[in-house]
There are 2 protein chains.
Amino acid sequence: MRRAPPYDRDKALDAATELFWRKGYHATSLKDLEAALGMKPGSIYAAFKSKEALFLACLDRYARRSREALRAQLGRGGSMLAALADHLRTHARQNPGGAEARACMIVKTMLEATPDESRLAAGARAHFEQMRAEFAAAFERARAMGELAPDADPALLAARYQAALTALRVEAHRGAAADELAALAESLAQEVERLRVAPGPARAAAAEAPRAAQPAG
Amino acid sequence: MRRAPPYDRDKALDAATELFWRKGYHATSLKDLEAALGMKPGSIYAAFKSKEALFLACLDRYARRSREALRAQLGRGGSMLAALADHLRTHARQNPGGAEARACMIVKTMLEATPDESRLAAGARAHFEQMRAEFAAAFERARAMGELAPDADPALLAARYQAALTALRVEAHRGAAADELAALAESLAQEVERLRVAPGPARAAAAEAPRAAQPAG
DNA sequence: GGGTAATTTGAGCGATCACTCAAACGTGAT
DNA sequence: ATCACGTTTGAGTGATCGCTCAAATTACCC
């Protein structure tokens, strides 16, 4: 019979994720973690095997939650393209000082991990590719629904969508003004919605955005 | 009369930049720098005042060279939009193992710097904004040349262009296959060229890209 | 209440961190 | 040659790094 652990694993992972996300892997010390988790080094190493393993656990959790949030936003039925566009707009609505006004932890880790820290690098890349697969599946569904042209390339669209999202979150991280961030997100979102092909002569004609003066960048 | 320093400041900065760019600020130790620069700690601290100051010197140099490379590519006369598009394509042509197949050092630093490392964060942001100003100036020139519609928004276009470039370099950093990277770059480049407005009824009609099946993402 | 096993504790491990400084050294002027 | 001066040297600074482990503590079963 195991004794119930007096520490709350979920809260500990929350605190560790917040710390790692904000400061990155290298700049976060065990002292920081001890303070944030309210645990002594021995407990941390009993619960999680090492600093690296703890980081990877946080990253996995973060990625899983990101994926679930995406699916929740895309799975409400209705237009896939509209949902994808709204997902971009969502990321511009974060309050500037908030925890979400930060670049994606997966991307941060990809850029921070050195080649010899292979587990961090491989983990981050795997999660990045998994998100890409989510986006590709969404575009495939859009194509199946007739929102996209039959010869549309979901893989390329997914790459471009992820690029837009990545850059948008870098812009938020930079501290861009809320209105500039919203304008950029809106511009990228309209780009997605402009992919829609007219399904019939009547119903979705309004969804076809008019050719604007600056449609791209 | 000062004695000429026996160390080559330019080569030292080259080596330090390579190291910082690859490993980031925190993961680069003084031991690493000693080995790469061929200098003992005392010399490093005499030549550059601290690890942080050395990093900032490298970052300044990197940003200045990036700016100069951009100006060289955009200043050859001819179409600004074509030059901007080609600049994107250039970044996809880097050989995969090469030193350039890495995310932008400015962006890496923006994402790595913690809020309390204010000099690193501020320096990276300043350089990022300076690059944005370069892009905005290029789009303004394009508008003045009649390549863009008179009501085009250079600031927004610059933000979108920088977003595309940032994401493209993240994709290269990730280790994307050369053909996928080229496809993404080509897609983004065409997006830029599609901004062109027909200048006259005849001459530049061919430059107006035909409306493709998947123009955006 | 006593026994047992799982868990937490926290001092402290060796290694490495960024950095310093007195001494050795090289160079140009005399 | 000799001197004066500025640079390079590299052993060594205290602090902090990630991490360990024997001992104390706690919860559960009988």
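We did not get these values from a lab; they are worked out from the coordinates using the rules stated. Being a predicted model, the structure only gives us computed values, none of them experimental. With ideal geometry, Cβ positions are generated from the backbone for all residues, glycine too; neighbour counts draw on all protein chains shown.
What helices does chain A have that are whole DSSP H segments, at least 24 Å long along their own axis by Cα, and with mean Kyte-Doolittle hydropathy of -0.5 or more? Span-like helices, by this rule, are A:51-74, A:118-144, A:154-174. Peptide A:12-23 has a mean shielding of 1, counted as Cβ atoms of other protein chains within 10 Å of each residue's Cβ. Note on A:Arg61 and A:Glu186: the model spin-label points, each 7 Å out from Cα along the C-beta direction, lie 3.7 nm apart. Does the range A:62-205 come out rounded, prolate or oblate, given a ≥ b ≥ c as the square roots of the eigenvalues of its C-alpha gyration tensor, rounded meaning a/c under 1.5 and, failing that, prolate meaning a/b above b/c? Oblate is the answer for the range A:62-205, as a/c is 1.5 or above yet b/c matches or exceeds a/b. Taking each of A:Lys51/B:Lys51; A:Lys31/B:Lys23; A:Lys108/B:Lys108 in turn, the alpha-carbon distance tops 18 angstrom for A:Lys51/B:Lys51; A:Lys31/B:Lys23. For the range B:62-205, averaging the sequence separation of C-alpha pairs within contact (under 8 Å, six or more residues apart) and dividing by the residue count gives a relative contact order of 36 percent.
Counting Cβ atoms of other protein chains within 10 Å of each residue's Cβ and taking the mean over peptide A:182-193 gives 3. In terms of the mean number of neighbouring beta-carbon atoms within 10 Å, the peptides A:73-79, B:11-17, B:178-184 order highest first as B:11-17, B:178-184, A:73-79.
Entry note, chain A: the mean residue ellipticity at 222 nm calculated from DSSP H runs of n ≥ 4, each adding -39500 (n - 2.57), is -22000 deg cm²/dmol after division by the residues and rounding to the nearest 500. Using the Cα gyration tensor of the protein assembly as shown, with a ≥ b ≥ c the square roots of its eigenvalues, what is the shape: rounded (a/c below 1.5), prolate (a/b larger than b/c) or oblate (neither)? Taking the square roots of the gyration eigenvalues as a ≥ b ≥ c, the protein assembly as shown is oblate. In this simple spin-label approximation, A:Ala149 and B:Ala99 carry label points 7 Å from Cα along the Cα→Cβ vector, and these lie 4.2 nm apart. Setting aside same-chain residues fewer than 8 positions from A:Lys11, which lysines have a Cα under 16 Å from its Cα? List returned: A:Lys40.
Applying the criteria of a DSSP loop state and at most 15 other Cβ atoms within 10 Å to the trypsin sites (Lys or Arg not before Pro) of the range A:139-169 yields no site.
Computed packing ranks the peptides B:100-109, A:105-114 as A:105-114, B:100-109, most packed first, by mean other Cβ atoms within 10 Å. On the beta carbon distance between B:Thr114 and B:Gln73, with R0 = 41 Å, the FRET formula returns roughly 0.75.
Listed by chain and number, the aspartates and glutamates placed with their C-alpha closer than 18 angstrom to that of B:Lys49 are B:Asp8, B:Asp10, B:Asp14, B:Asp32, B:Glu34, B:Asp60, B:Glu117; residues fewer than eight positions away on the same chain are left out. What separates the Cα centres of the range B:69-88 and the range A:110-142 is a distance of 32 Å.
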